[in-house]
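Okay, structure first, notes after.
The values are calculated or read from the model by the stated rules, or taken from the named source; none is laboratory data. It should be emphasised that the depicted structure is a prediction, and the values quoted were computed from it without experimental measurement. Every residue, glycine among them, receives a Cβ derived from its backbone with ideal geometry; neighbour counts consider all protein chains shown. Note: accessible area is taken over every heavy atom of the protein model, side chains too, but ligands, DNA and RNA are not part of it. Shrake-Rupley method; radii C 1.70, N 1.55, O 1.52, S 1.80 Å.
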Amino acid sequence: DVKVTQSSRYLVKRTGEKVFLECVQDMDHENMFWYRQDPGLGLRLIYFSYDVKMKEKGDIPEGYSVSREKKERFSLILESASTNQTSMYLCASTRGGSYNEQFFGPGTRLTVL
Amino acid sequence: QKEVEQNSGPLSVPEGAIASLNCTYSDRGSQSFFWYRQYSGKSPELIMSIYSNGDKEDGRFTAQLNKASQYVSLLIRDSQPSDSATYLCAVKPRSSASKIIFGSGTRLSIRP
């Protein structure tokens, strides 16, 4: 079974703090994704990575950056957290090629005060 | 027009009945189609994937794909209260190597 884990289930930070969210998958998947999910707005793609050190912007990259130094690990960074970044953050991975099923981690509920 | 459209619901279905969830998509060249179930406060869980026209059955779930009409549906037979969740339709467009586009989800409620 694919396992995607995220570093925290719940996180509370203050405005202006730098925030790191980590995601690890154990199935040697090529592609990894970061989404945020907000009521009424659905899942929105922030960034994704198709290989180590490779990244592409998604639909809402502003205020975020990412890092993928190892294949199994994909980090989302909020450079200076703001209250409008309070959200559920979801990491997903997929093998790629003909196999596009995305498998999600449990999510991190981030609150920025 | 949204790339993947779903009725937001809520869709209320009596226990034991068939729940029918529908999804339309805009990219005619889309190749891969997925249904996810998401319980409140939890992350999406993949329940079905379908790649060719027709029906695909897995237990109480049947996914139906009609590429000519650009719709995909999910049928849940013998609905149970535990099926109450939001169901997300997702589509891989032709232009995408790995990204998939999610619909906003249909909230399903199974009433006893």
Checklist entry - Ballpark to the nearest 100 Å², how much total accessible area do B and A bury together, probe 1.4 Å? => result 1500
Checklist entry - In the stretch A:70-113, how does Rg compare with the Kirkwood Rh, expressed as the Rg/Rh ratio over alpha carbon atoms? => result 1.08
Item to check | Carbon plus sulfur fraction of accessible area for chain A, probe 1.4 Å, in percent | outcome: 49
Next on the checklist: As an exercise, identify the trypsin sites (Lys or Arg not before Pro) in the stretch A:1-109 lying in DSSP coil whose Cβ has no more than 11 other Cβ atoms within 10 Å.
Outcome noted: A:Lys3, A:Arg9, A:Arg14, A:Lys18, A:Lys53
Checklist entry - Of the listed peptides B:38-48, A:81-91, what is their order by residue-averaged count of other C-beta atoms within 10 Å, with the highest listed first? => result A:81-91, B:38-48
Checklist entry - Classify the stretch B:37-112: rounded, prolate or oblate, from the alpha-carbon gyration tensor (a ≥ b ≥ c, eigenvalue square roots; a/c under 1.5 rounded; otherwise prolate if a/b is larger than b/c)? => result oblate
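Once you order the gyration tensor axes a ≥ b ≥ c over the Cα atoms, which shape class does the stretch B:1-85 get: rounded for a/c under 1.5, otherwise prolate or oblate by comparing a/b with b/c? Intermediate results must be reported in sequence, preceding the final value.
On the way: a/c = 1.78, a/b = 1.48, b/c = 1.20.
Prolate, because a/c is 1.5 or more and a/b exceeds b/c.
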Checklist outcome for this item: Expected unfolding gain across B:Asn53-B:Tyr39 under the 0.36 nm per residue rule, minus the alpha-carbon gap, is 2.2 nm
Checklist entry - Using a Gaussian network for chain A with springs between C-alpha atoms less than 10 Å apart, which of these wobbles most: A:Val66, A:Val12, A:Val24? => result A:Val12
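So, for the stretch B:19-90, what is the accessible surface per residue at a probe of 1.4 Å, expressed in square angstrom? Walk me through the numbers on the way to the answer.
Values: 2970 Å² over 72 residues.
In whole numbers, the stretch B:19-90 has 41 Å² accessible per residue.
What is the projected area of the convex hull of the Cα atoms of the stretch A:38-104, averaged over all directions, in nm²? Each step should come with its number before you reach the end.
Numbers: hull surface 20.3 nm².
Result: a mean projected hull area of 5.1 nm².
Among B:27-37, B:49-59, what's the highest-first ranking by average C-beta atoms within 10 angstrom per residue? Mind dumping the intermediate values first?
Working: B:27-37: 19.1, B:49-59: 12.6.
Top to bottom by mean Cβ count within 10 Å: B:27-37, B:49-59.
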Checklist entry - So, in nm, how far is label A:Ser65 from label A:Asp38 when the simple model puts each one 7 Å beyond its Cα toward the Cβ? => result 2.3
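Taking 0.36 nm per residue of sequence separation and subtracting the Cα-Cα distance, how much length would be gained by fully extending the chain between A:Glu17 and A:Arg73, in nm to one decimal? Walk me through the numbers before you get to the answer.
Numbers: separation 56, 0.36 × 56 = 20.16 nm, distance 2.21 nm.
Residue separation times 0.36 nm, minus the Cα-Cα distance, leaves 17.9 nm.
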Item to check | Other-chain or far-sequence residues with amide H under 5 Å of A:Gly58's (modelled H) | outcome: A:Tyr47, A:Phe48
Next on the checklist: Threshold 30 Å², probe 1.4 Å: give the residues of the stretch A:39-64, in number order, that are less accessible with all protein chains present than with their chain alone.
Outcome noted: A:Leu43, A:Phe48
Checklist outcome for this item: In debye to the nearest 20, the charge dipole size for chain A, taken about the Cα centre with +1 at each Lys and Arg Cβ and -1 at each Asp and Glu Cβ, equals 300
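Could you work out the mean count of beta carbons from other protein chains within 10 Å of each residue's beta carbon in B:78-88? Write out the running numbers ahead of the final one.
Details: counts 0, 0, 0, 0, 0, 0, 0, 0, 1, 0, 3.
Per-residue shielding by partner chains comes out at 0.
How many percent of the accessible area of chain B is carbon or sulfur, using a 1.4 Å probe?
Working: 2410 of 5310 Å².
Of the solvent-accessible surface of chain B, carbon and sulfur hold 45 percent.
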Item to check | Projected label distance in nm at A:Asp28 and B:Lys67, using a 7 Å step from Cα toward the beta-carbon | outcome: 3.0
Checklist entry - Averaged over peptide B:38-46, how many Cβ atoms belonging to another chain are found within 10 Å of each residue's Cβ? => result 5
Checklist outcome for this item: Each residue of B:92-103 has, on average, a number of other protein chain C-beta atoms within 10 Å of its C-beta equal to 5
Checklist entry - What spacing in nm lies between the two simple spin-label points modelled at A:Ser82 and A:Lys3, each 7 Å away from Cα in the Cβ direction? => result 3.8
